[in-house]
Amino acid sequence: MARYSRIEVATAMESTGMVPLFYHPDISLGKGLIKACYDGGARVLEFTNRGDFAHEVFAALNKYALEELPGMILGVGSVPDAGTASLYIQLGANFIVSASLRQDLAQVCNRRKILWSPGCGTLTEIGLAEELGCEIVKLFPGGTYGPGFVKAIRGPQPWTKIMPTGGVSPTRENLTGWFDAGVTCVGMGSKLITKEIMSNRDFAKLEQGVKDALALIKDIRSK
């Protein structure tokens, strides 16, 4: 069962402004990555559903977060259908993210009061997602659409909350472009949790990278 409500998750996403995301089959490495993100100030993290037995890895990581990292909210991304969502919900997923808009995901997540963030790429999809109860829409792949798309959408729909994933990097130029366009938060994967960090288990570097990215976001938002 989810420990955090959809409103608590949405609030944490918006207040921190960033959702780190990763996949790796090594549970020990995963714990180190999550703790580094937590120590760096992140409070929401997405574990992507890739690879065999990914649900078993998530189960172990979620138990670790609940026991050792108070306030850390774990959810699952790359969820393709309602069956997969139900599996992860049973393992305590606090939110569900998908690459595309699927009504069956809305139904299973809404039934359990769990935040779901579907990947959308048109105003029609975004509107439908919001009609189905979506709080924060995922713009995917973000780099394909860019900040200009976000700005154009929020012109006629200023209430729409958008989280781009893909094409987001922890640089002032990149983050300024997204937040000036009006995003609610950003999803950041390999540009933040790099292959080098994972292969070297350089958790100190990741912790500092998360701190720096969150400080940039805070500074950009204040102007």
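Any read-out appearing in this document is the output of simple, stated calculations on the displayed coordinates, not a laboratory observation. Since the structure is predicted, the reported quantities are computational estimates derived from the model, not experimental observations. Glycine also receives a Cβ, built like all others from the backbone with ideal geometry; neighbour counts cover every protein chain displayed.
Points to keep in mind about this one:
- In plain terms, the chain from residue 152 to residue 103 could stretch by 15.1 nm, reckoned as 0.36 nm per residue minus the Cα-Cα distance.
- Each helix, a run of at least 4 DSSP H residues, gives -39500 (n - 2.57); summed and divided by the residues of the chain, these come to -15500 deg cm²/dmol at 222 nm.
- Derived scalar couplings between HN and Hα for segment 159-171 equal 7, 6, 10, 10, 10, x, 9, x, x, 10, 10, x, 10 Hz in order, rounded to whole Hz, by the Karplus curve 6.51 cos²θ - 1.76 cosθ + 1.60 (θ = phi - 60°), x for Gly and Pro.
- Within segment 11-74: Cβ-based charge dipole about Cα centre, in debye rounded to nearest 20 (Lys, Arg +1; Asp, Glu -1): 60 debye
- Other residues within the sphere of radius under 15 Å centred on the Cβ of residue 166, judged by their own Cβ, net out at +2 (K and R +1, D and E -1).
- Dipole axis of segment 6-216 (+1 Lys, Arg; -1 Asp, Glu on Cβ), positive-most option in 65, 87, 29: 65
- Part-to-part distance (alpha-carbon centres) for segment 154-223 and segment 52-106, which is given in Å: 21 Å
- Radius ratio Rg over Rh of segment 115-223, counting only Cα atoms, Kirkwood formula for Rh: 1.01
- Fluctuation leader among 159, 116, 178 - the chain, Gaussian network, Cα springs under 10 angstrom: 159
- Think of each Lys and Arg Cβ as +1 and each Asp and Glu Cβ as -1; about the Cα centre, that makes the dipole of segment 6-216 roughly 120 debye.
- Computing FRET efficiency as 1/(1 + (r/R0)^6) for residue 208 and residue 14, where r is the C-beta to C-beta distance and R0 is 25 Å, gives about 0.60.
- 5 angstrom amide H check on residue 44, placed H, neighbours 5+ away: 73
- Residue-count net charge about residue 44 - beta-carbon cut-off 11 Å; Lys, Arg +1, Asp, Glu -1: -2
- Choice from 50, 172, 111 with maximal GNM fluctuation in the chain (Cα, 10 Å cutoff): 111
- Most fluctuating residue given options 20, 164, 156, as computed from a GNM of the chain linking Cα atoms under 10 Å: 156
- Taking Lys and Arg as +1 and Asp and Glu as -1, the other residues whose beta-carbon sits under 11 Å from that of residue 68 total +2.
- Pairs exceeding 19 Å between alpha-carbon atoms, taken from 138/205; 35/218; 151/223; 31/195; 35/113; 138/161: 138/205; 35/218; 35/113.
- Amide H within-cut-off set for residue 135, under 5 Å, with H built and near neighbours excluded: 116
- Electrostatic dipole magnitude of segment 66-178 [Cβ: Lys, Arg +1; Asp, Glu -1; Cα centre; debye, to 20]: 220 debye
- Between residue 171 and residue 124, residue separation times 0.36 nm minus the direct Cα-Cα distance comes to 13.8 nm.
- Applied to segment 122-134, the Karplus parametrisation 6.51 cos²θ - 1.76 cosθ + 1.60 on θ = phi - 60° returns per-residue 3J(HN,Hα) values of 9, 5, 5, 5, 4, x, 5, 4, 5, 5, 8, x, 6 Hz, with x for Gly and Pro.
- Per the Kirkwood formula applied to alpha carbons, segment 6-216 shows a radius of gyration over Rh ratio, Rg over Rh, of 0.94.
- Among the chymotrypsin sites (Phe, Trp or Tyr not before Pro) in segment 1-84, those placed in a DSSP loop whose Cβ has at most 15 other Cβ atoms within 10 Å are 53.
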